[in-house]
Amino acid sequence: LISSLPLIAGRSLAVIPYYALRGQGRTILRSKVDGLAGIPRMLRKRRSVLRRVGEREISKHIRTWSEVREP
């Protein structure tokens with residue numbers, strides 16, 4: 001997440017002018033503010049359900065591109 005944060009923030013900010021030009025500036029700004037306001041609650045909830053898992057368990061749930069490609 002930390003390494004992707006600049007990209008996520010940049011893309012999130014970049015859509016504001018697009019929606020503003022379409023007449024939805026107020027809506028997009030409100031959604032960004034609401035999203036930021038919800039971060040503390042999300043972090044509290046995450047802490048309550050967080051558990052440590054091993055690399056093997058994580059590997060079971062990750063599909064590589066070679067597994068996704070159709071034959």
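The values are calculated or read from the model by the stated rules, or taken from the named source; none is laboratory data. Bear in mind that the values here come from a model prediction, so they are computed numbers and not experimental data. All Cβ positions, even for glycine, are placed from backbone atoms using ideal geometry, and neighbour counts span all protein chains on display. To get the accessible areas, we keep the full protein, side chains included, count just its heavy atoms, and leave off ligands, DNA and RNA. Shrake-Rupley method; radii C 1.70, N 1.55, O 1.52, S 1.80 Å.
Side notes on the structure shown:
- Charge dipole of the chain (Cα centre as origin; +1 on each Lys and Arg Cβ, -1 on each Asp and Glu Cβ, all else neutral): 400 debye, rounded to the nearest 20.
- Nearest-0.05 FRET efficiency for Ala20 and Ser48, computed from C-beta distance (R0 25 Å): 0.10
- Summed over the residues of the chain and divided among them, the accessible surface reaches 102 Å² per residue at a probe radius of 1.4 Å.
- Taking every Cα-Cα distance in region 1-44 and sorting them into 10 Å bins from zero, the calculated P(r) comes out as 26, 47, 25, 3 percent.
- Taking θ as phi - 60° and the Karplus parameters 6.51, -1.76 and 1.60, the scalar couplings of region 12-21 work out to 5, 6, 5, 7, 4, x, 4, 6, 4, 5 Hz in sequence order, x denoting glycine and proline.
- For the residues Ile28, Ile16, Ile58, a GNM of the chain with alpha-carbon springs under 10 Å puts the largest fluctuation on Ile58.
- Counting only protein heavy atoms and a probe of 1.4 Å, the accessible surface of the chain is 59% carbon and sulfur.
- The chain: angle of helix 25-37 to the longest principal axis, Cα-based, in degrees nearest 10: 50 degrees
- Fully extended contour minus Cα-Cα distance, from Arg41 to Arg56, at 0.36 nm per residue: 2.4 nm
- The angle separating the long axis of helix 39-49 from the principal Cα axis of greatest extent in the chain is about 20 degrees.
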